[in-house]
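K.L.:
The structure's right below; bear with me while I get my questions together.
The values are calculated or read from the model by the stated rules, or taken from the named source; none is laboratory data. The model shown is predicted, which means the values in this text are computed figures rather than measured ones. Note: accessible area is taken over every heavy atom of the protein model, side chains too, but ligands, DNA and RNA are not part of it. Shrake-Rupley method; radii C 1.70, N 1.55, O 1.52, S 1.80 Å.
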Amino acid sequence: LQLHSVLLLSGIILVLSLSNTETTDNRCFRNGYGEKSKLILADGTVVWLNADSSLQYAGNFNSKTGSFLTGEAYFEVTKQSDGTPFVVKTDQYSVLVKGTKFNLSSYPEDISAKTTLLEGSIDIFNKEDIFRLHRENCLVLTNKMEVFPVRGFRHLNINPGPKAELNMNKITLNELAIRLSRKY
């Protein structure tokens, strides 16, 4: 009876380990201080990853697993012909996208998480709320979600393209020190 139990348990473990081999192809891109990178994902989405940031996603990049961002990134999401959504998760909330351009900043040491939408609309989910953000608006999450109007790239901390600009509008001295330390 013991031998049968050991063989059965071994067979179950073998089947489970073989069935999980497809989902272990996880990828992670990480930038150090002062670095900025351009990534092109398998679905055609362009991502500008800011300094001291990381983006994790499954190698086959599907909407069920999505991606996880720590730090800041600018996304130009390619609309999928089958309507498959693009999901970016952070510690603060998740963003559901079907093709648009937006910036997401969620550093663990920052007092707020921010999402700035330049085109289209996106849905933002946290534990308590679901919120639809529309074009040229910025959602800021501290203790509650607040929306502010913006115009174009000048309100982003990371601008797409090789020229990096640092937005220092309406921030505290402490926030400025943190942003400068990431950049330099």
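K.L.:
Assuming a ≥ b ≥ c are the square roots of the Cα gyration tensor eigenvalues, decide whether segment 85-137 counts as rounded (a/c under 1.5), prolate (otherwise, with a/b larger than b/c) or oblate.
P.N.:
Prolate, since a/c reaches 1.5 and a/b exceeds b/c.
K.L.:
So, one more: How would Asp91, Asp43, Asp129 line up by accessible area, probe 1.4 Å, largest first?
P.N.:
Result of the area sort, largest leading: Asp91, Asp129, Asp43.
K.L.:
If you don't mind, another one. Ignoring ligands, DNA and RNA, what percent of the 1.4 Å accessible area of segment 75-124 is carbon and sulfur?
P.N.:
C and S fraction of accessible area: 43 percent.
K.L.:
How much accessible surface does Phe29 have with a 1.4 Å probe, in Å² rounded to 10?
P.N.:
Looks like 80 Å² after rounding.
K.L.:
Turning to a different aspect of this structure: Cα-Cα over 21 Å: which of Lys36/Lys98; Lys79/Lys101; Lys38/Lys79?
P.N.:
Check vs 21 Å cut-off fails for Lys36/Lys98.
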